[in-house]
1. Which order do the peptides 374-387, 155-168, 35-48 come out in when sorted by mean C-beta neighbours inside 10 angstrom, highest first?
2. Once each part is reduced to its C-alpha centroid, what is the distance from segment 1-58 to segment 134-181 in angstrom?
3. Using every pair of alpha-carbon atoms in segment 48-107, split the distances into 5 Å bins beginning at 0 and state the percent of pairs per bin, rounded to integers.
4. How much FRET efficiency would the formula 1/(1 + (r/R0)^6) give for residue 146 and residue 7, where r is the Cβ-Cβ distance and R0 is 45 Å, rounded to 0.05?
5. Choose one of 201, 189, 286: the residue whose Cα lies farthest towards the positive end of the charge dipole of the chain (beta-carbon charges +1 Lys, Arg; -1 Asp, Glu; about the Cα centre).
6. Would you list which aspartates and glutamates come within 17 Å of residue 197, measuring only between C-alpha atoms, while excluding same-chain residues fewer than 8 positions from it?
7. Which distance in nm do the two modelled labels at residue 328 and residue 94 give, with both placed 7 Å along the Cα-to-Cβ direction?
8. I need the fraction of alpha carbon pairs in the chain separated by more than 29 Å, rounded to a whole percent.
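Bear in mind these aren't lab numbers, they're just calculated from the coordinates by the rules spelled out. What you are looking at is a predicted structure, and each value in this text was computed from that prediction instead of being measured. FYI the Cβ positions are ideal-geometry reconstructions off the backbone, even for glycines, and counts take in every protein chain you see.
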Amino acid sequence: MESWSPLAVPRVPGTPRPLRLYDTATQSLKPVAPGQTARMYVCGITPYDATHLGHAATYLAFDLVYRLWLDAGHEVHYVQNVTDIDDPLLERAERDQDDWVVLAMRETALFREDMEFLRVLPPTEFIGAVETIPEIIEMVRKLLACGAAYRADDPDYPDVYFPHNATGRFGYESNYDVETMNALFAERGGDPERPGKRHPLDALLWRMARPGEPSWDSELGAGRPGWHVECSAIALNRLGLGFDIQGGGSDLAFPHHEYSAAHAEALAGALAGDEPFARLYAHAGMIGLNGQKMSKSRGNLEFVSRLRADGADPAALRLALLSGHYRADRQWSGELLDEAGQRLGAWREAATRSSAPAAEDTIARMRDHLADDLDTPGALAAVDSWAREANTGRGDDREAPGVMAGAIDALLGIDVRS
Ligand code: 5CA
Ligand code: ZN
């Protein structure tokens, strides 16, 4: 499907720093070390409702990765999906007497607008599940052929399942113990109780058509895809095995990223070797509201589009979301937006000064902080101290306000000149 509009990203003077990120699989900070073309897959929305600030915060974190790669001179191949067929979408369409296709199109269009508003760089490829159904069918077919899939023992609905331990290293990505896996599998879209499965943790690959549900004809039988195989096929077919970063919110560490990795590795293992699906699994913390994780099912949501309609400044919204560390679970509040507005005011004032302290040291500090697992609080504090000095009349570098404005734009995605 169509991505959203690109943005010009200014070049930043000085020396970029190699990025290190926390990897969920090895539970350690790791150098990202991409080749000339850096490859990233970030799990996209399920478009049954508008983009909330939790989604926005997660996409902003990976937007910073993109910007640091551009700063380091890489080409970036960034793929993001849209889960435009899945249970939550069908349930919402049913509840609201809406057509699921129309609902998905409407919410995806709104998501694009929200991303543009927040100056998030568009993925190179923005791919819907529905448009990739033939790829998914092909992947399930191959998994069946290599023994990494089986039919449920159910004559009415012989759905196709993935034996969770097909690769022999199940659990390497999330590192959860069995009790945690069982609980999260049940909580996040799994079907541990489904009769006919060989093991409660086996995951759905292809759901045979039920009356009244959308389905696609195929040699597997008419049906629709499971959730994890969607991202597995989309990523594998565009980025290949061993791409640099698989990203999403921490709620995707299990089951979603564990299984999407296992599906691809089971298939590739049969053909090639044991390269991991992704070299690094990065997860953003959960944004909460009123003390709980912001989620569509709980209904405690603050939408980007509502703030947009209220006339919120996109730069302030972006700054508010970046004021906490991306991995920390954190609470949204109106005060956060007010504080960000004040901070932005100081940055804007500094950027319009006729002179200021030289930009080089501050840019070096911004890069150091961002390269260190996206330490945005550190990077923002570095800009704060430069702006404070500039706004008290210190510094006689006439280029500095413009150079800093360019760096703030390129590295943080914030336009202080608007
Ligand atoms: N379509 C799937 C991924 S393939 C999905 O999880 N969609 S979603 O709409 O539920 O979430 C989209 C992204 O936002 C995911 O990366 C998810 O981890 C992240 N996310 C959801 N809720 C929050 C939250 N409260 N805080 C931070 N990130 C969140
Ligand atoms: Zn996904």
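1. Final packing ranking: 35-48, 374-387, 155-168.
2. Each part's Cα centre sits 28 Å from the other's.
3. Each 5 Å bin holds this share of Cα pairs: 4, 16, 19, 16, 14, 12, 9, 6, 3, 1.
4. It comes out at approximately 0.60.
5. 286
6. Within reach: 153, 154, 156, 159.
7. For residue 328 paired with residue 94, the spin-label model returns 4.1 nm.
8. That fraction is 46 percent.
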